[in-house]
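Down below is the structure, laid out as structure tokens.
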Amino acid sequence: MEGAVGEKVTTPCSHAPTQMFSTEAVEPEERVAFWREVVCEVFLNLKVEPTAKERFAGSIEVQQWVGVATSCVSGVAQVVDHCRSDPRDDCLVSVQVVGNGIVSQAGRVAVLAPGDMALYDATRPYRLVFEGSFEQVVLQFPRQFFIDRDISIEDTVARRLERGNGLNDVAGSMVCALARQRSNIPAAVRSRLGAQAIDLVAMAFSESFGVDRAEAGRSAQRAIILEFVASNLADPDLSVQSIATAFGRTTRSLQYVFADEEPLRSAIRRLRLGTAAAALANPLYAGLTIGRIGSMSGFGDPAAFSRAFRREFGRSPSETRRIAS
């Protein structure tokens, strides 16, 4: 990969490489192919589709912290899909720095503004959408690190940790500080810093989304039901009643499963709108009418789709498409 993708620099005291990749040194017509190769080198098994009209550009700087990696990633508008498991069995936490990002996984959608964070699991499919130029810092680590800290990964993926909360801000600031650290640091110190970053991030997620063991069963049921919803969003007849029938349950039992969470009816609506927003930002759907995208997301009435979309995102579907283009 060295030479073909970018320069790999090893710091003398770290015993771990720092990797720096940029499209700046690549011919414009080769930049997209180069970028696809880079993101697969760093994160594995990703499919990248640029959506930016301007000249494509991107950079990644990777720092290793002995079992933990930080990556400072910047680029232009694009959609990133992870469709199959990684052999590394990792989790990732994105800290949004510039622009906005959308993280979708396990039937949930997290829209990140600068300072926000979200977790996603490389053992399952996920999608990242960037509607414009962006910068993110990504913390990558083995899933077991969170499991050992009693974090329910299933319950926390694609849920936004908002900036403005003291603990969230401290955790995000440390992750960003590690990603931008260029000093020579001994491996033993790097190992401790990586572990401390995981501790802070795990603490932030636990404070916001922690669940006790008695809740774990309902959490697993919710995940299965939401996966079913995500797979059947295009069905205009999808409803709490139809889902209950599909699972051989009563609507009352489904309401119990979601008693401490977002109501299932609201989750269906939110997922439909999130799916539509991602499609409007995806150049692969540029030839489809807005009404067709609404229909693909389960909205039979184009006018109702437009009203619901504006209430959710504060702008119309056509405005969203125009911004993405």
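The values are calculated or read from the model by the stated rules, or taken from the named source; none is laboratory data. These numbers were taken from a predicted model, which means no experiment stands behind them. Positions of Cβ are generated from backbone atoms using ideal geometry, with glycine treated the same way; all protein chains shown enter the neighbour counts.
Being in contact with an Asp or Glu (Cβ under 7 Å, 6 or more places away or on another chain), on the phi < 0 side of the Ramachandran plot and not small (G, A, S) narrows it down to one of R192, R143, R180, R159, so name that one. Explain how you work it out, then say what you get.
Values: R192 fails: in contact with an Asp or Glu (Cβ under 7 Å, 6 or more places away or on another chain); R180 fails: in contact with an Asp or Glu (Cβ under 7 Å, 6 or more places away or on another chain); R159 fails: in contact with an Asp or Glu (Cβ under 7 Å, 6 or more places away or on another chain).
That would be R143, the only listed residue that is in contact with an Asp or Glu (Cβ under 7 Å, 6 or more places away or on another chain), on the phi < 0 side of the Ramachandran plot and not small (G, A, S).
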Pick from the range 74-100, criterion crowded, with 22+ Cβ neighbours inside 10 Å and more than 19 Å from V201 (Cα to Cα), ranking: modelled with the lowest pLDDT
H82
Do you know which of the residues in the range 316-325 that are out of contact with any helix residue (DSSP H, G or I) (no Cβ under 8 Å at 6 or more places or on another chain) and free of Cβ contacts under 8 Å to residues at least 12 places away in the same chain is farthest from V229 (Cα to Cα)?
R322
When you scan the range 21-55, how many residues do you find that are at pLDDT 90 or above, surrounded by 15 or more Cβ atoms within 10 Å (Cβ to Cβ) and of a type in the set (A, V, I, L, M)?
7
Is there any pair with a first residue in the range 97-123 that is within 11 Å of R159 (Cβ to Cβ) and a second that is acidic (D, E) and in a loop (DSSP other than H, G, I, E, B) whose Cβ atoms are under 9 Å apart and which are 6 or more apart or on different chains, and what are they?
A110/D116; D116/E162; M117/E162
Any residue in the range 247-262 that is within 17 Å of G298 (Cβ to Cβ) and of a type outside the set (D, E, K, R)?
no
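With respect to V111, is the statement that it is surrounded by fewer than 21 Cβ atoms within 10 Å (Cβ to Cβ), assigned by TED's automatic domain parsing to the domain that holds V42 and part of a strand (DSSP E or B) true?
Working: surrounded by fewer than 21 Cβ atoms within 10 Å (Cβ to Cβ): yes; assigned by TED's automatic domain parsing to the domain that holds V42: yes; part of a strand (DSSP E or B): yes.
Against the criterion (surrounded by fewer than 21 Cβ atoms within 10 Å (Cβ to Cβ), assigned by TED's automatic domain parsing to the domain that holds V42 and part of a strand (DSSP E or B)), V111 qualifies.
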The helices (runs of 4 or more DSSP H) lying entirely within the range 227-325 that contain at least 3 residues which are among the polar types (S, T, N, Q) and either outside the structural domain of I102 (by TED's automatic domain parsing) or surrounded by 13 or more Cβ atoms within 10 Å (Cβ to Cβ) (or both) are 240-246, 251-257
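Scan the range 193-245 for residues that are among the charged types (D, E, K, R) and either at pLDDT below 90 or farther than 25 Å from R143 by Cα (or both) and jot them down. Spell out how you get there, then give the answer.
The first filter runs over the range 193-245 and keeps only residues among the charged types (D, E, K, R), leaving 199, 207, 212-213, 215, 218, 222, 227, 235, 237.
Listed by number, the residues that qualify are E207, D212, R213, E215, R218, R222, E227, D235, D237.
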Provide a single number: the residues in the range 273-291 that are modelled with pLDDT of 90 or more and either over 17 Å from the mean Cα position of the chain (by Cα) or on the phi > 0 side of the Ramachandran plot (or both).
5
Scan the range 124-144 and give yes if some residue there is modelled with pLDDT under 95 and β-branched (V, I, T), otherwise no.
no
In the range 50-85, the residues that are of a type in the set (D, E) and over 17 Å from R127 (Cα atoms)
E54, E61
